[in-house]
Each structure stands twice: as C-alpha cells, then as structure tokens.
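Asks: Pasting in a structure now, in structure tokens, and then I'll have a few things to ask.
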Amino acid sequence: MSSPLNDIQFILHDVLDYRSHYAALGLDNTVDRDLLNMIMDEAHKFASSELQPINAAGDAGCTLQDGQVTTPPGFKEAYRKYIEGGWAGLCGEPRFGGQGMPETFGFLLEEICCTANMAWTMYPGLSRGCIAALAEHGSEEQKARFLPKLLTGEWTGTMCLTEPHAGSDVGLARTRAETAADGSYRISGTKIFISAGEHDMSDNIVHLVLARTPDAPAGTRGISMFVVPKFNDDGSRNALACGNIEEKMGIHGNATCELVFDQAVGHLVGEENKGMRYMFTMMNAARLAVGLQGISVAQAAFNRASEYAGERLQMRSLSGPKLPDQPADPILCHPDVRRLLLTQRAIIEGGRALVYYVAQLVEITSHTTDEQQQQQAQLQLDFLTPIAKALLTELGFESANHAVQVFGGHGFIRETGVEQFVRDLRITLLYEGTTGIQALDLVGRKMLGNQGAGLQAFGQMMLAVADECDADFAEFAGTLRQLHQDWGEISMNIGAKAMQDPEEVGAASVDYLFYSGYAVLAVFWAKIALAGARHDNAEYGSSKVDIARFYFARMLPRAEAHRQALESGAANLMQVNGLAFSA
Ligand SMILES: Cc1cc2nc3c(=O)[nH]c(=O)nc-3n(C[C@H](O)[C@H](O)[C@H](O)COP(=O)(O)OP(=O)(O)OC[C@H]3O[C@@H](n4cnc5c(N)ncnc54)[C@H](O)[C@@H]3O)c2cc1C
C-alpha cells in the first residue's frame, strides 16, 4: 500500500517548515518545495508500480545455489528501474556522480519505498550506509574507486560486523586482517546475518568488514574497517563466499547471509583500530533508517486496516444502528476499533515528524556555518537517535500488530497480507542494536555521559513549543512544561542512584527510553496540532488536532507507568532469587 503523500507533505511543510529550514542553511537555491514534492511524487510512482506489487510474492524468499543467491521474482527488474531512474545517487556527492540532494530526500525515498516493500528497500538502504562511511572516512583513491559505481547503483554495499559469538558486543569479533606485501590486507573469518550479503541484483558488492590486525588491542579499540569487494579491480573473484542464507521470520525477500572470508583482499579504511568509530557513521544513519522502517511498514499496515474497518460489517453500534439497511454496522463504529486505528495513526504521524525533525538536524550538522548551531544540533541528534530507533521500531511493531487485530481472525490468515507486516517489522527491534542496547546508549552515553546536555538542548525546543501552545492549546502547554520538569528530575535521579550502584543504569534504561520517547512524541503532536489548527483545509487540519488530543489523553499516560517502573530501582531485578530465572 502506498505512502500518504499529503500527510508527508503536511509534516514537511506545515509542521517542520522545510522552506525556512533550507533558507536558513542557504540551500534554498538548490532545493525548494516544488522539487521536494516532485521527487516525492516520482518516488511514489516508482514504489507503487514496481515495489508494492512484488512485496507479497517476495515473502517466498531468496534461494541459494552453488554460492549464488537468487532474489524473488521481480526484485532484480525493479532494481534495474531504480538504477535507471537515478535514485541510487540522489544524495551522493556530485563529484562522484551523485545528485547532491540534502539528506531529507534520502529519508523520503527510503520511507516511500519501504512502505511499499521493506525487504527490497533494504538492498539500496545498505548501500547508502556504505556510501556514507566511505565518503567520510575513505581515502581519495578509495572514494574514486568505489563511490561512482555505488552512486549509479551498479554496485551495492553491505556492513559486516556480526559474528557467531559477537553480536551486540562487536568488540568480541575475531575476523583477522593480515598485511600483504602490496599494502593491502588479507581478510579471514566468518560473518553472519549479513543483509544483502550476496544477491543477483548488482554487478559487484562492496563489503565493509570489521576485522582485527594481528597486534590489535582487545575489544572495540582493536577493530579496524576494511573495504572488501566481491570482485577485485581486475574482475577476478575475491576469496569470499556465501556459505548459507538464513531461514527467517520475515523480510524473506532480503538475503541474510553467512559470509566466509578466506584470505580475501581487503583495503584498510582510514587508520588501523579506528574501525568502530568509522562504523558509527554508518550505524547512526542506519539507526534512523531503521526507525523509519518501523513507521513505514506500520503505515502500510494502517492503510489496510483503515480500509477494512470501513467495509467489514459486524455487530451493531452501541448507540444504535448506523447502517439500518445492512445486517450489521461497519466495525469502524466500535470504540475499540477506533482506539486501535487512532493508536496506529498517532504512532505513525508522530514518528514521522520525529524522523523528519532528526533529518533536519542531520542537515544542520552538515551544512551550517554557525558553530553554536552546529553544536546544539549535534547534541540533539545524538540524544534523539537511539530514541528514534528504539521507540519507532517498538511502536511501529505495536502499530502493525493492531492492524492484525482490526482484521480479527482474518488478520492471522496469510491471504489477507497483514501478518507479513508484523513478521517483516519484528527485525527492526533487533538489528542495528536491540532496544536494550539503544537504551543503554541513551542513558549511559547520551544522557549521563554529557551531563544531560542533549536533553537540555531538546528541552529548549520543548519549552518553545509549550509557549506556542499557550494561546489555543493551553492543556498541551501545561503538560509539556510538567513533562519537561519531570524528565529533568528523573534523569538527575538516575545519575545519583548510578553513583551508588552501577546496575541502576541498566535497570532504568529501557523504561527511561520509553518515557523519553513518549515525551518526545508529545512535543511533535503539539506541533502537529498547531499546524493542524492553521491549515487551509479545516477538515484535514482538525483531524490532526483530534489525533493530537487522542495522543495526549490515551497514549502519553503510558509515560507515567514507565516512570514508576524505572523509579522502582534495580533491586527487583538484581536481588531476585535465581530460581525465578530457571525454567
Ligand atoms: C535479519 C537480520 C539481519 C541482520 N543484518 C545485519 C547486517 O547487515 N550486518 C551485521 O553486521 N549484522 C546484522 N544483523 C545482526 C544484528 O545486528 C544482531 O543480531 C544484533 O545486533 C543482536 O546481536 P545478537 O543477535 O548476537 O544478540 P546478543 O548480542 O547475543 O543479545 C541477546 C540479548 O541480550 C541483550 N543484551 C546483550 N547485551 C546486553 C547489555 N549489555 N545490556 C542489556 N541487554 C543486553 C540484547 O538486547 C538481546 O536481547 C542482522 C540480524 C538479523 C537477524
């Protein structure tokens, strides 16, 4: 099902005022509202005609034979059209053949494609991360060698971190890199779960591999990054092979590969032992993209559920028949079905505003010349990235699950196609760092690690939105100010408790992330309400105000439950009789 362009445009133009944003960055000569809308329209046409029709069939999965992976029917052809349309280089540097569009354009493309077909969209998605890492950390020679083909899309990219014994703890990686006489390296080891690790859609695959040189220090401080192409410059096949593809719960159309490197030729990116830092370039962008996957697929599920709720006739409305000529009323008239649909919508649209706000921060950090603005944007970006990743995948998953609920038993049946959304989405809570790992990052590094500077930076925006709400949405203004105060106190208390017992950080982390996430979404729902009230189309605008009221009344109270849970401390987790954990 398609992305709702009107809702995307509403967030971009009415809620986040992209025109002023680009004008402030001096980018308004290159990009304007018409260009944004035109690219969105074209992306939408491509996604609805090429990607959406092959989504359900793609669920049959990829096949592996003699080391070669075949993607599902239509995937390769759709990718060829994607290349022909010039989509792969949309945000790439012009000197390497890219079109130099700001980062938001990439997020838009990703969202629109992902709503149509998440498994397919991961192939070019992985390339984008690879391009970002090489563009920032690769040598001029590596950029000239790899970026042009990645930006045409003739080649695709991967990120190879995970090993059987090294998942969240990448520092445990054992893949070796030995220097060769010509200055290159020979890479040996096994990487698992590598998305798009092998497939039949591109001429070459550029793997970014984390490995350790013989004398490297233990842990993440001894990890280096290497670029390891499937085919070498002379066209010879590099010494790496796909040993297996995983049977999975979802995203069957995307090949998840075991890659065995056996003295493969690799080229060091940047300096030895700095690989983790470089990989973070890729991972931070990827985390936002994964958060976006959460709400994109949730949107596809919502589209189906809202349509079904209007058509399916079951039982009478509590307040009397709505369709007396029919044997029953549409399920949309029942309060609980409306609750399910509004919850989905509040998650999707609030989440979309968060992602596009974060995209603006990315653009500010890369384009502004004002040092203070740059620093403030970076603080907010660092703080909001783990929240966007974990919250929007957790809630996106909840949202897709509600779509199944709207379909009743029919939602559980494959034929209706909504259960695929739930299965596809489930991975987003796991890869690029699980929810637990995002929460540790948020509390440990992004909050305590910088004495709450990120929270303070976002808090200023929160108070400014509260001030804007004073005139027409006084109830939101009061709530936002109270949240701002409580959030600061909760954060300080975690810091104080952590000084007595370090386990308090881990014990509070996921609840703190959810508390923060609901507070962040409250800010964006208040902004959406303000924009809705100003909207030219009064009916459209008032529907946004209604959803905002729903969010504040029925979803934001969840934050209080998380607060109580995190304030209950670590003892109820850490001082529990061991028998409680044995089966
Ligand atoms: C379909 C798929 C695609 C993938 N694609 C890629 C890819 O392209 N490239 C790549 O490199 N990897 C990829 N991965 C790997 C993925 O990133 C890892 O699976 C993920 O990071 C978690 O690692 P793990 O599975 O080893 O779990 P573990 O690290 O073993 O974690 C198990 C559980 O313990 C929890 N845990 C661990 N440590 C802590 C802690 N300190 N505090 C609290 N909780 C903790 C975790 O949250 C989790 O719940 C993919 C995985 C899948 C399934």
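Asks: Give the number of residues within segment 203-230 that are over 30 Å from THR152 (Cα atoms), more than 16 Å from the ligand (Cβ to nearest atom) and touching a residue at least 24 places away in the same chain (Cβ under 8 Å).
Replies: 7
Asks: Let me ask you something else. Might you check whether a residue that is assigned to a loop (DSSP other than H, G, I, E, B) and surrounded by fewer than 18 Cβ atoms within 10 Å (Cβ to Cβ) occurs anywhere in segment 257-265?
Replies: So far as segment 257-265 goes, no, none of its residues is assigned to a loop (DSSP other than H, G, I, E, B) and surrounded by fewer than 18 Cβ atoms within 10 Å (Cβ to Cβ).
Asks: Consider ASP200 carefully, then state whether it is more than 13 Å from the ligand (Cβ to nearest atom), assigned to a loop (DSSP other than H, G, I, E, B), among the acidic types (Asp, Glu) and open to solvent by 60 Å² or more (accessible area, probe 1.4 Å).
Replies: On the way: more than 13 Å from the ligand (Cβ to nearest atom): yes; assigned to a loop (DSSP other than H, G, I, E, B): yes; among the acidic types (Asp, Glu): yes; open to solvent by 60 Å² or more (accessible area, probe 1.4 Å): no.
No: the conditions fail for ASP200.
Asks: What pairs come out if I take residues in segment 305-332 that are touching a residue at least 12 places away in the same chain (Cβ under 8 Å) and pair them with residues that are of a type in the set (Asp, Glu) and open to solvent by 90 Å² or more (accessible area, probe 1.4 Å) whose C-beta lies under 9 Å away, six or more apart or interchain?
Replies: Close Cβ pairs satisfying both conditions: PRO330/GLU311; ILE331/GLU311; LEU332/GLU311.
Conditions (1) more than 16 Å from the ligand (Cβ to nearest atom); (2) open to solvent by less than 40 Å² (accessible area, probe 1.4 Å), marked per residue:
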{"position": "THR393", "(1), (2)": "no, yes"}
{"position": "GLN405", "(1), (2)": "yes, no"}
{"position": "GLY409", "(1), (2)": "yes, no"}
{"position": "PHE412", "(1), (2)": "yes, no"}
{"position": "GLU419", "(1), (2)": "yes, yes"}
{"position": "ILE427", "(1), (2)": "no, no"}
{"position": "ILE437", "(1), (2)": "no, no"}
{"position": "ASP441", "(1), (2)": "no, yes"}
{"position": "GLY444", "(1), (2)": "no, yes"}
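Asks: Quickly run through segment 443-477 and pick out the residues that are among the polar types (S, T, N, Q) and outside any helix (DSSP H, G or I).
Replies: Correct list: GLN451 only.
Asks: List every residue pair whose Cβ atoms sit under 9 Å apart, with the two residues 6 or more apart in sequence or on different chains, where the first one lies in segment 146-165 and is under 24 Å from ALA177 (Cα atoms) and of a type in the set (Gly, Ala, Ser) and the second, anywhere, is open to solvent by 10 Å² or more (accessible area, probe 1.4 Å) and near the ligand (Cβ under 8 Å from one of its atoms).
Replies: Note: pairs meeting the criteria are GLY157/LEU126.
Asks: Another one. Of all residues in segment 40-61, which are open to solvent by less than 60 Å² (accessible area, probe 1.4 Å) and assigned to a helix (DSSP H, G or I)?
Replies: Of everything in segment 40-61, those that are open to solvent by less than 60 Å² (accessible area, probe 1.4 Å) and assigned to a helix (DSSP H, G or I) turn out to be MET40, ALA43, HIS44, PHE46, ALA47, SER48, GLU50, LEU51, ILE54, ASN55, ALA57, GLY58.
Asks: What pairs can you find where one residue is in segment 515-533 and open to solvent by less than 10 Å² (accessible area, probe 1.4 Å), the other is not in a helix (DSSP H, G or I), and their Cβ atoms are less than 7 Å apart, with a gap of 6+ or different chains?
Replies: TYR518/LEU556; ALA522/LEU556; ALA526/PHE473; ALA529/PHE473
Asks: Now, a different point. How many residues does segment 172-197 hold that are more than 15 Å from GLY222 (Cα to Cα), more than 12 Å from the ligand (Cβ to nearest atom) and assigned to a loop (DSSP other than H, G, I, E, B)?
Replies: Adding up the residues that qualify gives 5.
Asks: Conditions: (1) assigned to a helix (DSSP H, G or I); (2) free of Cβ contacts under 8 Å to residues at least 60 places away in the same chain. ALA507 meets all but one. Number of the miss?
Replies: All conditions pass for ALA507, except number (2).
Asks: Here's a follow-up. Just give me the residues in segment 179-226 being in contact with a helix residue (DSSP H, G or I) (Cβ under 6 Å, 6 or more places away or on another chain) and under 17 Å from MET279 (Cβ atoms), in sequence order.
Replies: Across segment 179-226, the qualifying residues are SER195, ALA196, VAL206, LEU208, LEU210, ARG212, ALA216, GLY219, THR220, ILE223, SER224, MET225.
Asks: Enumerate the pairs (first residue in segment 544-573 and more than 16 Å from ASP486 (Cβ to Cβ) and assigned by TED's automatic domain parsing to the domain that holds ARG534; second residue anywhere and open to solvent by 40 Å² or more (accessible area, probe 1.4 Å) and assigned to a loop (DSSP other than H, G, I, E, B)) with beta-carbon separation below 8 Å, excluding pairs fewer than 6 apart on the same chain, so at least 6 apart or on different chains.
Replies: So the pair list comes out as LYS544/HIS535; ALA570/ASP501.
Asks: Select from segment 156-171 the residues that are part of a strand (DSSP E or B) and farther than 19 Å from GLY266 by Cα and list them in ascending order.
Replies: ALA166
Asks: Show the residue pairs meeting these rules: Cβ distance below 8 Å; 6+ apart or different chains; first residue within segment 416-442 and assigned to a helix (DSSP H, G or I); second residue acidic (Asp, Glu) and crowded, with 20+ Cβ neighbours inside 10 Å.
Replies: Pairs that qualify, where the first residue is assigned to a helix (DSSP H, G or I) and the partner is acidic (Asp, Glu) and crowded, with 20+ Cβ neighbours inside 10 Å, are LEU429/GLU394; THR435/GLU394.
Asks: While we're on this one: Name the pairs whose Cβ atoms lie under 8 Å apart, with the first residue in segment 387-398 and over 16 Å from ALA300 (Cα atoms), the second open to solvent by 10 Å² or more (accessible area, probe 1.4 Å) and not in a helix (DSSP H, G or I), and 6 or more positions between them or separate chains?
Replies: Partner pairs satisfying both residue conditions: LYS389/GLU432; LYS389/GLY433.
Asks: Can you find a residue that is within 23 Å of THR63 (Cβ to Cβ) and within 12 Å of the ligand (Cβ to nearest atom) anywhere in segment 129-141?
Replies: Looking for residues that are within 23 Å of THR63 (Cβ to Cβ) and within 12 Å of the ligand (Cβ to nearest atom), one finds none in segment 129-141, hence no.
Asks: Looking at segment 534-568 only, could you name the residues that are surrounded by fewer than 16 Cβ atoms within 10 Å (Cβ to Cβ) and under 22 Å from GLN500 (Cα atoms)?
Replies: Those that are surrounded by fewer than 16 Cβ atoms within 10 Å (Cβ to Cβ) and under 22 Å from GLN500 (Cα atoms): GLN564, GLU567, SER568.
Asks: Here's a follow-up. What number of residues in segment 266-310 are open to solvent by less than 10 Å² (accessible area, probe 1.4 Å) and among the acidic types (Asp, Glu)?
Replies: Residues that pass the stated criteria total 0.
The values are calculated or read from the model by the stated rules, or taken from the named source; none is laboratory data. Just so you know, these numbers come straight off a predicted model, no measurement behind them. Here Cβ is always computed from backbone atoms with ideal geometry, including for glycine, and neighbour counts include all displayed protein chains. For accessibility, only protein heavy atoms count, side chains too; no ligands or nucleic acids. Shrake-Rupley method; radii C 1.70, N 1.55, O 1.52, S 1.80 Å.
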